[in-house]
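One structure is given here, and the rest of the page talks about it.
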Amino acid sequence: MNPYANHLTEALPRVQDAIAEAAVRSGRGPKDVRLVAVTKAHPNGVVDAALEAGLTDLGENRVEGLAARLETKHRDRPAWSAVRWHMIGHIQSRKAATVAQIADWVQSVDSLKLARRLSAAAGDLGRELDVLVQVNTSGEDAKGGFPVQEALEAVHAVTDLPGLKVQGLMTMAPFIEDEAVLRSVFAGLRGLRDRCRELPGFGAGELSMGMSNDFEIAIEEGSTMVRLGTVLFGRRPT
Ligand SMILES: *Cc1c(COP(=O)(O)O)cnc(C)c1O
């Protein structure tokens, strides 16, 4: 028996309810928030369980991790064709070509150099890549993304690049418990997204914010995409 299947059977309905209720509290509906299931660092059984449960948006934070998923037997399953892979972690520019090939969404566009490389690679492949511009809302050096003050200009620059469709913004909030601070971080990103909407070429206006510890608050503040690992699959093996 796949332990991830057990865990997910129990956890997913709870998480989906929590997402739906938070969406309603924010004046929206359950379908307005997309669940990206973060499979990173777990063995391949996690993908089995996710496909079985009908999850279609899956996230990995390392290029090698994503590439390895694509080499598994899962590719032969019918459910696989509906899967969208989200790259959510920092990408070294030299790996941009690989990412443009294997990711459906790149949520972690954190430098113009990376954006240009992804743009060129997507162009070579004749595809348009859905991307989010990552914003460092916590100011912590360990977290990636453009500083808040530079983000609007960065989004502007990335929307000008061919081969990339800037669908919105992504952030990782600081790891703190203080709800008021979290709310202001999330609301700040929402405000920035609203300003980005005035830029030509800015897409759907997605807001990828909210992880296992803060997703309900993020949704209440307007998140359209939550990236959840631990609440769905348990702790990652270390
Ligand atoms: C690991 C990761 C997540 C998921 O974190 P959980 O706390 O396990 O939900 C979300 N976003 C990013 C960028 C991550 O690296």
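Connecting C-alpha atoms closer than 10 Å in a GNM of the chain, tell me which of P174, P13, P78 has the biggest fluctuation.
P78
Per residue of region 172-178, what does 6.51 cos²θ - 1.76 cosθ + 1.60 with θ = phi - 60° give for ³J(HN,Hα)? Whole Hz please, x for Gly and Pro, Karplus curve as stated.
Along region 172-178, the couplings run 10, 6, x, 7, 9, 9, 5 Hz.
Tell me, what ³J(HN,Hα) does each residue in region 8-14 have, in order and in whole Hz, if you take phi through Karplus 6.51 cos²θ - 1.76 cosθ + 1.60 with θ = phi - 60° and put x for Gly and Pro?
Calculated HN-Hα couplings, in order: 5, 4, 7, 7, 4, x, 4 Hz.
Quick one: Karplus J couplings for region 181-186, per residue in order, coefficients 6.51, -1.76, 1.60, θ = phi - 60°, nearest Hz, x for Gly and Pro?
5, 4, 4, 5, 5, 5
Please give, to one decimal in nm, the separation of the simple spin-label points placed at L70 and A97, each 7 Å out from Cα toward the Cβ.
For the pair L70/A97, the computed spacing is 1.4 nm.
With labels modelled as points extended 7 Å from the Cα through the Cβ direction, what inter-label distance (nm, one decimal) is found for R25 paired with D178?
Result for the modelled spin labels: 2.0 nm.
Along the charge dipole of the chain, which of V133, Q101, I176 sits closest to the positive end, that is, farthest toward it, with unit charges on the beta carbon of Lys, Arg, Asp and Glu (+1, +1, -1, -1)?
The one lying farthest along the dipole's positive direction is Q101.
Given the -39500 (n - 2.57) contribution per DSSP H run of 4+ residues, what per-residue ellipticity at 222 nm results for the chain, rounded to the nearest 500 deg cm²/dmol?
Values: 9 runs with 100 residues, N = 238.
Computed mean residue ellipticity for the chain: -13000 deg cm²/dmol.
Which ordering of T137, T171 is given by a fewest-first count of other beta-carbon atoms within 10 Å?
Fewest to most other Cβ atoms nearby, the residues stand as T137, T171.
From the square roots a ≥ b ≥ c of the eigenvalues of the alpha-carbon gyration tensor of the chain, which class results: rounded (a/c under 1.5), prolate (a/b over b/c), or oblate?
oblate
Relative contact order for region 41-136 using alpha-carbon pairs under 8 Å, separation at least 6, rounded to a whole percent?
Normalised by residue count, the contact order of region 41-136 is 24 percent.
With +1 on each Lys and Arg Cβ and -1 on each Asp and Glu Cβ, and nothing else charged, work out how big the dipole of the chain is about its Cα centre, in Debye to the nearest 20.
That gives a dipole near 600 debye.
Since every read-out is calculated from the coordinates, none of them should be taken as a lab result. If you're wondering where the values come from, they're calculated on a predicted model, not measured in any experiment. Heads up, the Cβs are rebuilt from the backbone with ideal geometry, glycines too, and the neighbour counts pull from every protein chain shown.
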